[in-house]
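Reviewing the structure listed below.
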Amino acid sequence: MVIKDLSFAYHPGRDVLRLPTMMISRGERVFLHGPSGSGKTTLLGLIAGILPPQGGNLAVLGADLGTMSGSERDRFRGERLGYVFQMFNLIPYLSVVENITLPCLLSAPRRARLMQAGSVASLELAAAVIAERLGIAGLLGMPVTALSVGQQQRVAVARALLGGPELVIADEPTSALDSEHREDFLRLLFDETARSGATVLFVSHDLTLAPLFQRTLSLRDVNQVAAAKGTHA
């Protein structure tokens with residue numbers, strides 16, 4: 001991922017993000033932190049293609065997001081990215097296995113990559129394999145609303161990882177867990193992403209997790225807007 005002179009404003013003349021430069025290598029595990037108002041959510045939205053870059057250059061996995069239309073960014077996200085949301089964003093009326101397989105059902109290239117890469121005969125079997133590794137194999141037929149927070153978290157991770165995304169973005173996914181379970185979660189995430197060599201961008205305000213990553217970035221320091229406001233962690 002290569003960022004140069006990236007800027008974004010929700011209202012004209014009121015930038016919330018100005019990043020002169022930022023680079024993340026493929027396969028790297030990066031911890032990104034910053035206080036409220038430092039631009040974390042905006043930056044993730046830009047990297048994931050949810051928001052369009054308004055200035056500068058943003059290349060993710062070799063693709064220039066600034067030259068893509070909204071529908072092209074949507075396809076790019078569905079095919080090549082995995083996203084673990086802070087509140088998990090599971091679909092309440094779907095079962096565990098239906099939640100896990102949803103990204104592959106929505107993206108034909110992602111589904112094809114999964115079928116070509118492994119020895120599984122169906123999406124459901126592929127979901128069962130990753131659920132076994134994450135310790136939720138016995139929950140596949142259950143509604144996600146019947147699960148504990150920790151179990152829902154693992155479903156969200158399985159959903160993000162199925163189909164071998166090249167970049168996994170995790171937005172404060174451990175905020176509801178105690179310290180022991182946070183570390184357990186990260187080890188699971190690292191083990192799974194290491195299988196495919198995926199890049200991990202993990203966003204949190206919890207600096208105790210930073211030593212578990214290869215590199216730490218402070219958005220307060222690299223975002224010129226936050227630095228000018230004197231935002232403190």
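Computed from the coordinates by the stated procedures, all read-outs in this text should not be read as laboratory data. No experiment lies behind these values; they were computed from the predicted model shown. When we count neighbours, we look across all protein chains shown, and the Cβ atoms used for this are built from the backbone with ideal geometry, even at glycine.
Across all directions, the shadow cast by the convex hull of the range 7-106 built on its C-alpha atoms averages 8.0 square nanometres. Once the gyration tensor of the Cα atoms in the chain is diagonalised, the equivalent ellipsoid follows with semi-axes of 30, 21, 15 Å, ordered largest first. Given +1 at the Cβ of Lys and Arg, -1 at the Cβ of Asp and Glu and no other charges, the dipole of the range 2-229 around its Cα centre is 440 debye to the nearest 20. Compared with the dominant principal axis of the Cα atoms in the chain, helix 96-106 is inclined by about 60°. Peptides 93-103, 144-154 ranked from most to least packed by the mean count of surrounding Cβ atoms within 10 Å: 93-103, 144-154. When the range 2-229 is described by a simple charge dipole with +1 on each Lys and Arg Cβ and -1 on each Asp and Glu Cβ, the residue from Ala128, Ser38, Met68 located farthest towards its positive end is Met68.
Given their separation in residues at 0.36 nm each and the Cα-Cα distance between them, Asp221 and Tyr10 gain 73.9 nm when the chain is fully extended.
Across the range 93-137, how large is the tail of the calculated P(r) beyond 16 Å, expressed as a percent of all Cα pairs? That tail contains 34 percent of the Cα-Cα pairs. Against the main long axis of the alpha-carbon atoms of the chain, helix 123-133 sits at an angle near 80°. If both residues of a DSSP beta bridge must be in the chain, then about 45% of such bridges are antiparallel.
When every Cα-Cα distance of the range 107-162 is counted in 10 angstrom steps from zero, the calculated P(r) takes the values 23, 52, 23, 2 percent.
With contacts defined as alpha carbon pairs under 8 Å and 6 or more residues apart, what's the relative contact order of the range 2-229 in percent? Here the relative contact order equals 32 percent. Computed across the range 66-194, the Kirkwood hydrodynamic radius from all distinct Cα-Cα pairs reaches 14.9 Å.
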